[in-house]
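Student: One structure follows; several queries about it will come next.
The values are calculated or read from the model by the stated rules, or taken from the named source; none is laboratory data. Predicted, not measured: the structure shown is a model, and the values here were computed from it. Cβ sites come from the backbone with ideal geometry, for glycine too, and all protein chains shown count toward neighbours. For the accessible areas, the whole protein counts, side chains as well, though only heavy atoms, and no ligand, DNA or RNA atoms are used. Shrake-Rupley method; radii C 1.70, N 1.55, O 1.52, S 1.80 Å.
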Amino acid sequence: MPMAPTVLTARALLLDMDGTLVNSDAVVERVWRRWADRHGLDGDEVMKVVHGRQGYASMAVLLPGRPMEQNHADNARMLAEETADMDGVVAIEGAGEFLESLRVQGVPHALVTSADVALSTARMGAAGLSMPELRITAESVGASKPDPEGFLKGAAELGVAPEECVVFE
């Protein structure tokens, strides 16, 4: 029996990028598995940790005794690797049409991603997707997801209370 649709009411939408608008799994897998190999870690276990947060935060979970400066340095190198590798980056089915409908209808929305400006620009471009006018990136926040800082900042910059937003993560 088909389920009845769920109706959500919102004044604004906050959209994650990877896994929501863009499928970048192939690149993420390649880069993180190479990193895991360099550090003697099991690639499958690493992949369970890394999605949805900034690289340095994943590294802190995976190598808890490691100095944070090393995590930030590794993260910068990995972001450059990911930004240069767009092989296999594609739009999630329907993402282009969805973004266009938001733009045409004037629905307030923001991209809220753990990626930095360069990586988000490259991935959205490789996937053939238009960039929302408002973008909250790694440079915009002090705390990585799953901390809600990016979403709260997106809501504030859209001028909408967080409880009046729907997050697509």
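Student: Tell me which residues, restricted to the range 154-165, are part of a helix (DSSP H, G or I) and either open to solvent by less than 30 Å² (accessible area, probe 1.4 Å) or without any contact (Cβ under 8 Å) to a residue 24 or more places away in the chain (or both).
Tutor: Listed by number, the residues that qualify are G154, A155, A156, P162, E163.
Student: Search the range 51-79 for residues that are in the same structural domain as D18 (by the TED database) and pair each with any residue that is open to solvent by 80 Å² or more (accessible area, probe 1.4 Å) and part of a helix (DSSP H, G or I) when their beta-carbon atoms are under 7 Å apart and the residues are at least 6 apart or on different chains.
Tutor: none
Student: Check A73, A138, A122, A127 and return the single one that is under 20 Å from W32 (Cβ atoms) and either modelled with pLDDT under 95 or aromatic (F, W, Y) (or both).
Tutor: Within the list A73, A138, A122, A127, the selection yields A138.
Student: A follow-up question, please. Restricting to the range 83-110, and then to whatever is of a type in the set (V, I, T) and part of a helix (DSSP H, G or I), can you tell me which residue is most open to solvent (accessible area, probe 1.4 Å)?
Tutor: Filtering the range 83-110 for residues that are of a type in the set (V, I, T) and part of a helix (DSSP H, G or I), the one most open to solvent (accessible area, probe 1.4 Å) comes out as V104.
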